[in-house]
Amino acid sequence: MAHAHRETAAARSRGALVLTLGLTGGYMLVELGGAIVTGSLALFADAVHMLTDVGGLALALFAIWIAARPPTPAKTYGYYRAEILAALVNALLLLAVAGGILLEAYERLRHPRGVLVGPMFAIGALGLVVNLVGAWLLHRDAAESLNVRAAYLEILSDALSSLGVLVAAGVVLFTGWIAADALVSAAIALYIVPRTWRLLRQAVNVLLEGVPAHLDLAAIEAALRQVAGVRRVHDLHVWTLTSGREAMSAHVVVEDMREHDRMLGALHALMHTRFGIDHTTVQLETEPPTDLKIKAPGGL
């Protein structure tokens, strides 16, 4: 058995997450106030979306803190899954917000309301800058951590929604078509849904202990069987503890148990170097005798 309780991918992004949270939280207050003053639904949609960014970033930082706590006799894997739960909450929250914005956009199309274009444009431009800075801070670590990826996707999609606010303001300013504000807000919501749905599916797959998408169970079994002395593999399981931390367990039938130490070392090394799996549990065993017969009492 090979175990390692080391720093998670999300934990290495703590500094960037804190800085992004500060930028996003400060601007969110400005944007909420601006949405109330201008009466812009697109600006309000962007502000609420940014509120989910703030919540997502706060959840991500909380998850990093709790995931760093050591294992206990009651929680032998520690708190790694807290990061996945945070990503799940972020995804559900985003879907709920998107639904609310779509409903309000429908009402605005039925009953148009005027907006103050000048302040709307200025606040949208500032939001675009803030979001692009936040996305730049998180993009490097987003590939390694599902939790950081959740925050990154929220920031990135919010940057696009800020761009949508600018487009809506421009259309209203030059054409007077007020419905553009509601249509852009609906477009922002529709942009959120498919990306968030993929994130939700990833988080649920981890919680259900499904095989990680980037790993092929058949390829892992084939690689184990290619190790000298291995006859076959059964009860093979591969799952994710948290982002960037996979685990594997298997029963491996070998030819000679006298090679126990050498084979265990070879199998663990194979999982680490070829598949990036550091948490491995391998049970070595031999085939039962093929000529074993069960006789009834009395020799019958």
*Computed accessible area, W239, all protein chains, 1.4 angstrom probe, square angstrom*: 30 Å²
*Please express the Cα-Cα pair-distance distribution P(r) of segment 118-248 as a list of whole percents, one per 10 Å bin, running from 0 to the bin with the greatest distance.*
11, 28, 23, 17, 11, 6, 3, 1
*With a 1.4 Å probe and every protein chain left in place, tell me how much accessible area T175 has, in Å² to the nearest 10.*
100 Å²
*Once whole DSSP H runs in the chain are found, which of them have Cα atoms spread over 20 Å or more along the helix axis and a mean Kyte-Doolittle score of at least 0.0?*
14-38, 41-67, 81-110, 117-142, 146-175, 179-207
*asked:* Over the chain, what is the relative contact order in percent, taking alpha-carbon pairs closer than 8 angstrom and at least six residues apart?
replied: 21 percent
*Kindly report the accessible area of the chain per residue (heavy atoms of protein chains, probe 1.4 Å, no ligands, DNA or RNA), in Å².*
50 Å²
_Suppose we flag GluC sites (Glu not before Pro) only when DSSP calls them loop and at most 16 other Cβ atoms lie within 10 Å. Which is the longest uninterrupted stretch of the chain?_
8-143
*State which stretch of the chain is the longest one without any exposed trypsin sites (Lys or Arg not before Pro), exposure meaning a DSSP loop state and at most 15 other Cβ atoms within 10 Å.*
114-292
*With every protein chain kept in the model, how would you rank Y191, Y27 by accessible area, 1.4 Å probe, largest at the top?*
Y191, Y27
_Give me the mean projected area, in nm² to one decimal, of the convex hull enclosing the Cα positions of segment 59-182._
9.2 nm²
*Could you tell me what percent of the accessible area of the chain is made up of carbon and sulfur, with a 1.4 Å probe and every protein chain present?*
66 percent
*For every helix of n ≥ 4 consecutive DSSP H residues, a contribution of -39,500 (n - 2.57) applies; sum these over the chain, divide by its total residues, and give [θ] at 222 nm rounded to the nearest 500 deg cm²/dmol.*
-22500 deg cm²/dmol
*State log₁₀ I(q)/I(0) for the chain at q = 0.13, 0.16 Å⁻¹ as given by the Debye formula over alpha-carbon point scatterers of equal weight, solvent excluded.*
-0.89, -1.13
*Just how much of T273 is accessible, in Å², when a 1.4 Å probe is used and the result is rounded to the nearest 10?*
110 Å²
*From the C-alpha gyration tensor of segment 113-172, square roots of 5λ in Å*: 28, 10, 7
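The values are calculated or read from the model by the stated rules, or taken from the named source; none is laboratory data. For clarity, every value in this text was computed on a predicted model and none was experimentally measured. A quick note on method: Cβ atoms are made from the backbone with ideal geometry, for glycine too, and the neighbour counts reach across all protein chains shown. The accessibility values were calculated without ligands, DNA or RNA, using every heavy atom of the protein model including side chains. Shrake-Rupley method; radii C 1.70, N 1.55, O 1.52, S 1.80 Å.
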